[in-house]
1. Being surrounded by fewer than 23 Cβ atoms within 10 Å (Cβ to Cβ) and assigned to a strand (DSSP E or B) is the filter; apply it to region A:75-92 and report the residue that is nearest to the other protein chains (Cβ to nearest Cβ).
2. Taking only region B:176-192 into account, find how many residues are of a type in the set (A, V, I, L, M, F, W, C), in a helix (DSSP H, G or I) and at the interface with chain A (Cβ under 9 Å from one of its Cβ atoms).
3. Among the residues of region A:83-97, how many are among the aliphatic types (A, V, I, L, M) and in contact with a strand residue (DSSP E or B) (Cβ under 9 Å, 6 or more places away or on another chain)?
4. As an exercise: evaluate A:ILE95 against (1) more than 8 Å from chain B (Cβ to nearest Cβ); (2) surrounded by fewer than 24 Cβ atoms within 10 Å (Cβ to Cβ) and give the number of the one condition it does not meet.
5. Here are some conditions: (1) farther than 30 Å from B:VAL168 by Cβ; (2) out of contact with any Lys or Arg (no Cβ under 7 Å at 6 or more places or on another chain); (3) not β-branched (Val, Ile, Thr). B:ALA201 meets all but one. Which one does it not meet?
6. Kindly indicate the residue of region A:100-154 that is small (Gly, Ala, Ser) and facing chain B (nearest Cβ under 8 Å) and also farthest from B:LEU276 (Cα to Cα) among those meeting that condition.
7. Answer yes or no as to whether B:LEU215 is crowded, with 20+ Cβ neighbours inside 10 Å, more than 14 Å from chain A (Cβ to nearest Cβ) and within 26 Å of B:VAL156 (Cβ to Cβ).
8. Looking at region B:193-223, which of its residues are in a helix (DSSP H, G or I) and β-branched (Val, Ile, Thr)?
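The values are calculated or read from the model by the stated rules, or taken from the named source; none is laboratory data. For clarity, every value in this text was computed on a predicted model and none was experimentally measured. Positions of Cβ are backbone-derived with ideal geometry, glycine not excepted, and every protein chain shown enters the neighbour counts.
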Amino acid sequence: MSGPKTTEPVLDVRNLTATFGDGELTAVNDVSFTVGSGEVLGLVGESGSGKSVTLRSIIRLVPASGDVSGEVRWQGQNILAMRDAELRGVRGGQISMIFQEPMSALNPVLPVFTQIEENLKAHTDLDGNGRRARARELMDMVGIPDAARRLKEFPHQFSGGMRQRVMIAIALASNPRLLLADEPTTALDVTIQDQILKLILDLRDELSMSVVLVTHDLGVVAATCDRMAVMYAGRIVETGTVSEVFAQPNHAYTRGLLGSVPHAGTERSRLLSIDGTPPPLDRIPPGCAFNPRCEFATDACRATVPPLQDLSPGRSVACFNRDSVVAAGSPV
Amino acid sequence: MTDLAPPSERPRRLALPRPLILGGTILLLSIAVATFPTVFAPYEPDAFDYNALLQGPSMAHPMGTDNFGRDVLSRVIHAYTIDMQIAIFATIFPFFFGTIIGALVGYAGGIAETLFGRVVDAVITFPFLVLVIAIVSVLGPGLVNMYIAIGVVGWVFYARITAAEIKVQKRLDYADAGRAMGYTHMRIIFRHLLPNAITPAVVYWMTDMALAILLGSSLGYLGLGAQPPAAEWGVQIADGKNFMATAWWISVFPGVAIVLTGLGFSLTGDGLAELLRTKR
């Protein structure tokens with residue numbers, strides 16, 4: 001795993017908040033993070049923690065009923081304040097996105113070449129021959145053999161892993177600086193997962209782009225990410241480099257997540273699990289949203305929302321009882 | 001040898017649905033007859049023969065003659081030209097216009113969709129035929145006015161079908177993917193969503209052409225569509241209605257032509273529905 005290449009952030013998300021249904025439901029609450037150049041940031045959390053909405057909010061890809069506020073700084077501009085035409089230039093051209101289900105994210109009636117070409121038409125000045133050559137290059141880049149023939153084929157003629165490669169080829173067609181990946185391997189077989197993750201990392205190095213990876217799989221985070229941000233009920237509860245967080249989780253939720261992952265090579269022990277389920281968005285408990293499920297919870301946790309406090313640059317946690325969590329030791 | 005080749009390597013079987021083959025054959029023949037009626041018709045459609053009035057089917061006149069001694073077969077054949085035109089011209093404008101409106105409305109949702117819903121309600125409250133007859137009687141009889149009348153009402157059905165389908169498609173991931181790639185709304189609607197959403201409209205179009213022939217001949221029968229002495233099935237049926245008891249062939253053979261052509265369109269529609277079912 002290679003570390004972040006520079007410390008200068010390419011993406012700076014500040015106080016991002018996403019609400020739905022006239023502000024009744026808050027899916028993302030005051031989320032701030034940065035992504036450095038060439039860095040892979042993992043957004044981790046259970047289903048419903050707001051990680052996917054956070055990712056989509058970066059390029060304002062939320063349903064019409066949603067409202068996104070805060071600031072997303074990208075190359076000196078606030079994406080959230082951009083006009084539609086500017087936004088279209090950023091989407092797909094500078095920031096691209098890949099999805100969880102590679103089948104449904106590809107258009108079933110258009111051949112693969114046409115779908116790659118659509119991106120090139122929208123974001124480059126290449127002519128017909130140029131687009132054809134670029135499409136072949138992209139197929140080689142994402143590891144699909146026999147590019148010339150397979151470009152003519154339709155998505156249903158590809159296997160799951162190959163479809164995700166096609167999706168990546170489409171997303172990378174115009175050399176984006178940032179790739180948003182929404183659970184890109186969740187729908188794939190474990191062996192294929194590894195191949196796709198490795199491909200994303202290789203392409204990150206090759207194209208020196210940054211990646212924000214949303215996942216619920218800590219194994220994926222450990223294998224691919226430089227830094228991670230743990231989300232719970234729409235808020236970030238802990239951030240840090242992957243090695244820092246794995247070595248010493250400072251938030252009870254992170255500790256619980258890490259404890260629920262089986263580890264090879266260590267002594268056999270009972271797997272921990274976090275009791276209960278994440279709260280629905282319309283019934284988030286007062287105070288720290290995690291307090292009903294937390295073994296360290298105190299009265300303070302039930303009264304006020306713990307602020308996200310910096311421990312060191314890039315390392316922060318939102319927990320009143322972080323000392324007891326640390327004292328309880330690593331769950332691993 | 002077992003077939004272990006991946007799906008993409010297997011030669012594509014050319015298995016057209018049977019209804020499509022049958023319906024397509026009927027339609028191709030109909031189009032051929034409509035395009036070159038003189039090749040198929042033994043007589044001129046309005047050649048009077050006062051020596052052969054109201055004659056039953058015979059070798060000289062396979063479908064008999066009418067009260068002016070005109071050959072019924074030749075008139076039925078020449079009527080193909082008008083009735084196939086009706087099938088196409090009465091539906092092509094509603095198909096294109098309705099599909100486009102429906103795609104836009106379905107994608108936009110919100111107020112546009114609510115307003116459109118009211119228009120649909122208003123149109124489907126009236127029986128189609130009554131509405132068309134009302135419009136034709138305002139504009140005056142004739143084929144062009146009939147096309148206008150059908151067009152004014154007919155697009156609503158295409159729009160409704162397409163809007164419903166687009167509403168489904170726009171929620172799928174590939175629509176989001178299109179937005180995430182920075183494509184314009186128009187590009188997403190017409191290049192990405194519509195090809196996935198158009199099948200029901202195309203299938204309905206086939207059925208609608210059958211309905212248009214029925215409607216066209218109904219209006220012809222009522223004297224609001226094609227005008228006599230033009231050879232048109234509805235006009236012919238009207239011509240023969242006073243002789244039904246003695247010379248049934250004047251009305252029955254045009255009726256058979258209507259049924260046969262309608263069957264051709266319907267079968268083609270069924271076959272297309274089967275053929276165009278999206279592969280996943």
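1. A:GLN77
2. Selection size over region B:176-192: 2.
3. Initially, region A:83-97 is screened for residues among the aliphatic types (A, V, I, L, M), giving A:85, A:87, A:90, A:95, A:97.
Restricting the remaining residues to those that are in contact with a strand residue (DSSP E or B) (Cβ under 9 Å, 6 or more places away or on another chain) gives A:90, A:95, A:97.
Residues that pass the stated criteria total 3.
4. (2) is the only condition that A:ILE95 fails.
5. Every listed condition holds for B:ALA201 apart from (1).
6. Of region A:100-154, the ones small (Gly, Ala, Ser) are A:104-105, A:122, A:128, A:130, A:133, A:135, A:143, A:147-148.
Checking which are facing chain B (nearest Cβ under 8 Å) leaves us with A:104-105, A:122.
Numbers: A:SER104: 18, A:ALA105: 20, A:ALA122: 29 Å.
My answer is A:ALA122.
7. Yes.
8. Once the filter is applied, which keeps residues that are in a helix (DSSP H, G or I) and β-branched (Val, Ile, Thr), region B:193-223 yields B:THR199, B:VAL202, B:VAL203, B:THR207, B:ILE213.
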